[in-house]
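> Structure provided below as C-alpha cells; questions to follow.
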C-alpha cells in the first residue's frame, strides 16, 4: 500500500487494519480514481473492492467543506452498513470527516437528523437516497464522486429508475464509478450514458481469491441432506459457518431443524424486517449464533472475517452465485472450507459450475 502515495492518516488506518499489499483491484483502481478518472471496476466479492473506491473517496474529500461530496449507492441495507464500517475504519484519523449511511427499514426522522449534521460522505440504498432527495433533506449539488457498488445487483433488483434519478441530481462534471461483478448490457448502457472516457479495470477470474478455499461436493439424496449436514458439523466442530438455501421457506425450515438438534442457528432472507436482520447479523458477528442459514440475498456484501465454512445445502443456480457464496469464507488471508450437496439430476449444473476458473470441486465421501 505504501507505493500508492496516500496520506499519512489513511496509511496509518490501513496499517491498523492489517493490509500489507494492495489487491489487484486496489492496485489498478486507486491511482486512476485519485487522478479523478471515471472507472468501471469489474471484480467478484472478496477482492478488496470496497477499499479500492473508499480510499480514493476519502482522500479526495475536502474536510473543510460540509457539503455531501461522496455518494455511494448499494443494493442492500446490509451492504450499505458494511461499506460504511469500512469507510469509518479507513477515515479513522481524518479529522472533521463525517460518514453516514441511510437505508430503508429505519425511521425516516432519525436519518433526517443524521443528514442535517452535514456529512461529507453518504452511503445508502437507492430507494432511501431518492426519498431523501425528494424531501429536500439530501442536497447533491456539491457531489464530486458517485460510486455504484454491486451495480449489476442493483439493476437486477429493479433500481435503474431510482439510480438514474439520483445521478441526474448530481453535477455533470462529477466522477462516476461503477463496481460490478458482471457487466451485462444494462450496466454498459448506464456507463455509456453517465461516464466520461471510463477506464475498465477488470480483475481476471484467475486472480479471484478462491485458492485458499478447499472445495468439495457430496452426492446426496434430497431426503438425506439434513443428515449429511449434521454429519459434517459434528465432524468439524465449526464455531462459525454459513449454510445457503435457495428459498426462504427452506431457510426457515432448516433453522428449526438445527435448533431442535441443539445448534445455535438463525436465518437471513428477504422476508425479514430490518430490525430482525440487524439482530441476526449482530448475533452472528459476535459469535453468539454458530450457524447462519441464508438465501442469496446475503451472498453479496456479507463480510464476516471468521467464517470457517460455507455449505451449499442447495446447489446454486449458476457459477456466479457459487463464487459469491463460497467467497464468504477464506477471507482476510485465512483458509476456508466449502461443502456442496448435489442431488440426482443436478450433475449438468455441477459441470457448469466446475468450468469456472479456480473452482476445484472434488468429490468426497461423508465422514463416518
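None of the figures in this text is laboratory data; all of them are computed from the coordinates on show. If you're wondering where the values come from, they're calculated on a predicted model, not measured in any experiment. Neighbour counts run over all protein chains shown; Cβ positions are idealised from the backbone, glycine included.
> Pick from 309, 198, 151: which residue has the top mean-square fluctuation in a GNM of the chain where Cα pairs under 10 Å get a spring?
Result: 198 has the largest fluctuation of those listed.
> Remind me, relative contact order of segment 209-363 in percent, using alpha carbon pairs under 8 angstrom and six or more residues apart?
About 37 percent, as a whole number.
> Which of 325, 285 has the fewest other C-beta atoms within 10 Å, and how do the rest follow up to the most?
The fewest-first ordering by Cβ neighbours comes to 285, 325.
> On to the next question. Give the order of 185, 272, 334 when sorted by the count of other beta carbons within 10 angstrom, beginning with the fewest.
185, 334, 272
> For segment 133-196 and segment 227-288, what is the separation of their Cα centres, given in Å?
34
> Taking only DSSP H segments of four or more residues, each worth -39500 (n - 2.57), what value at 222 nm results for the chain once the sum is divided by all its residues, to the nearest 500 deg cm²/dmol?
Working: 14 runs with 141 residues, N = 368.
Rounded to the nearest 500, it is -11500 deg cm²/dmol.
> Return the single residue from 65, 245, 74 with maximal mean-square fluctuation; model: Gaussian network over the chain, springs between Cα atoms under 10 Å.
65
> How much length, in nm to one decimal, is gained on full extension between residue 365 and residue 276, taken as 0.36 nm per residue of separation minus their Cα-Cα distance?
28.3 nm
> Continuing with this model, one more query. Expressed as a rounded percentage, what relative contact order does the chain have, with Cα pairs under 8 Å and six or more residues apart?
18
> Moving to a separate point now. Given labels modelled 7 Å from the Cα in the Cβ direction, how far is it in nm from residue 216 to residue 35?
4.8
> Related question: Round to the nearest 0.05 the FRET efficiency obtained for residue 66 and residue 335 when R0 = 51 Å and r is the Cβ-Cβ distance.
Numbers: r = 45 Å, r/R0 = 0.88.
The pair residue 66/residue 335 has a calculated efficiency of 0.70.
> OK, next. Expressed in nm to one decimal, what extension gain is obtained for the pair residue 197 and residue 161 from 0.36 nm per residue of sequence separation less their Cα-Cα distance?
Values: separation 36, 0.36 × 36 = 12.96 nm, distance 2.32 nm.
My answer for the length gained is 10.6 nm.
> Could you check the spin-label model distance between residue 354 and residue 117? Points 7 Å from the Cα along Cα→Cβ, value in nm.
Using points 7 Å along Cα→Cβ, the separation is 5.3 nm.
> Among 162, 278, 173, 149, which comes first, then next, by fewest other beta-carbon atoms within 10 Å?
Exposure proxy ranking, most exposed first: 173, 278, 162, 149.
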